[in-house]
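Undergrad: Provided herewith is a single structure, encoded as structure tokens, for subsequent inquiry.
The values are calculated or read from the model by the stated rules, or taken from the named source; none is laboratory data. If you're wondering where the values come from, they're calculated on a predicted model, not measured in any experiment. Positions of Cβ are backbone-derived with ideal geometry, glycine not excepted, and every protein chain shown enters the neighbour counts. When the accessible area is computed, the model is the full protein with side chains, heavy atoms only, and any ligands, DNA or RNA have been set aside. Shrake-Rupley method; radii C 1.70, N 1.55, O 1.52, S 1.80 Å.
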Amino acid sequence: MPEGDTIWHTAAVLRETLAGRTLTRCDIRVPRYATVDLTGQVVDEVISRGKHLFIRVGPASIHTHLKMDGSWQVFPVDKPSRAGHRIRIILEAGDVRAAGVDLGVLEVLERDHDMDAVAHLGPDLLGDDWDPRAAANNLIADPDRPLAEALLDQRVMAGVGNVYCNELCFVTGYLPTAPAGAIKDPLRMVQRARDMLWLNRSRWNRSTTGDTRRGRDLWVYGRAGQACRRCGTIIESDSSGERVSFWCPVCQT
Ligand SMILES: [Zn+2]
């Protein structure tokens, strides 16, 4: 599942591939933007903000959000992609091709106003302007709100998705349903969030346990019915809400 670290890494890969290069092909397969052609324009920057990604090309800024299943894939132009009809956009620069697949959001914005699309976001966990105090204040601003809901609210801080949400609740010892107002040290919690994303920003195999081996990489997420790594109690889960939650009934209160 793409979270802030995935977007940060994706932006880094796209930057390395496209920045400073002239587009030799621009194929946008979304009716609204089908006539937009940025061929001949230079890619200036690739920016990530929370879970949003911007590719600035000439006067335009291509804004994408991966949502649940999206990805950007980079490969040589002579290698066919297996994504086929799921490709929403193709950008080529000489011998390299970047393809946006199953994107949740794809829009072409005016470059000068592209940041309006993310003006509602709280402090970006992986941003240069990360502000832990503001994020901590946002986290407990509504004390009755369930912690998981507050952590996932991108207006509180930008970058946490459902995997990190569940993992953060575990490492800080709170149930996902605990009221945000019960958090004793919200500053420490947002700093843990930052640390988790920061450690994972340059790799695809995400780990919160410090062990990147498959099956050992996460504390509770996706581990319903398995033993808690800390106390051995069976991990519980609840999928009745909008998102599935996982927790240890002993380690978390
Ligand atoms: Zn436990």
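Undergrad: Only residues that are aliphatic (A, V, I, L, M), over 12 Å from H52 (Cα atoms) and open to solvent by less than 20 Å² (accessible area, probe 1.4 Å): list them for segment 104-125, please.
TA: Scanning segment 104-125 gives a single hit, L125.
Undergrad: Looking at segment 149-156, can you tell me whether even one residue there is at pLDDT 95 or above, under 26 Å from V13 (Cβ atoms) and within 15 Å of the ligand (Cβ to nearest atom)?
TA: no
Every residue, every condition in (1) buried (at least 17 other Cβ atoms within 10 Å of the Cβ); (2) assigned to a helix (DSSP H, G or I); (3) of a type outside the set (K, R), yes or no:
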| position | (1), (2), (3) |
| --- | --- |
| A193 | yes, yes, yes |
| M196 | yes, yes, yes |
| R214 | no, no, no |
| V220 | yes, no, yes |
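Undergrad: Considering only residues that are in contact with a helix residue (DSSP H, G or I) (Cβ under 9 Å, 6 or more places away or on another chain), among the small types (G, A, S) and more than 16 Å from the ligand (Cβ to nearest atom), which ones fall in segment 193-224?
TA: Within segment 193-224, A193, S202, S207, G210 meet the criteria.
Undergrad: Just to confirm my filter: which strands (runs of 3 or more DSSP E) fall fully inside segment 35-112 and include at least 3 residues that are on the phi > 0 side of the Ramachandran plot and touching a helix residue (DSSP H, G or I) at 6+ places or on another chain (Cβ under 7 Å)?
TA: Per the criteria, no element qualifies.
Undergrad: Filter segment 222-245 for residues that are touching a residue at least 60 places away in the same chain (Cβ under 8 Å) and either open to solvent by less than 50 Å² (accessible area, probe 1.4 Å) or small (G, A, S) (or both) and give the result.
TA: Scanning segment 222-245 gives V244, S245.
Undergrad: For residues in segment 225-253 being among the hydroxyl-bearing types (S, T, Y) and at pLDDT 95 or above, which is nearest to the ligand (Cβ to nearest atom)? Can you show your working first?
TA: Taking segment 225-253 as the starting set, the residues that turn out to be among the hydroxyl-bearing types (S, T, Y) are 233, 237, 239-240, 245, 253.
This time we only want the ones that are at pLDDT 95 or above, so: 233, 237, 245, 253.
Details: T233: 5, S237: 14, S245: 15, T253: 11 Å.
Among those that are among the hydroxyl-bearing types (S, T, Y) and at pLDDT 95 or above, it is T233.
Undergrad: A further question on this structure: Pairs needed: first member in segment 41-52, open to solvent by 40 Å² or more (accessible area, probe 1.4 Å); second member anywhere, among the aromatic types (F, W, Y) and at pLDDT 95 or above; C-beta distance under 8 Å; at least 6 residues apart or different chains.
TA: E45/F54
Undergrad: Looking at segment 126-146, which of its residues are under 19 Å from the mean Cα position of the chain (by Cα) and open to solvent by less than 20 Å² (accessible area, probe 1.4 Å)?
TA: L126, G127, A135, L139
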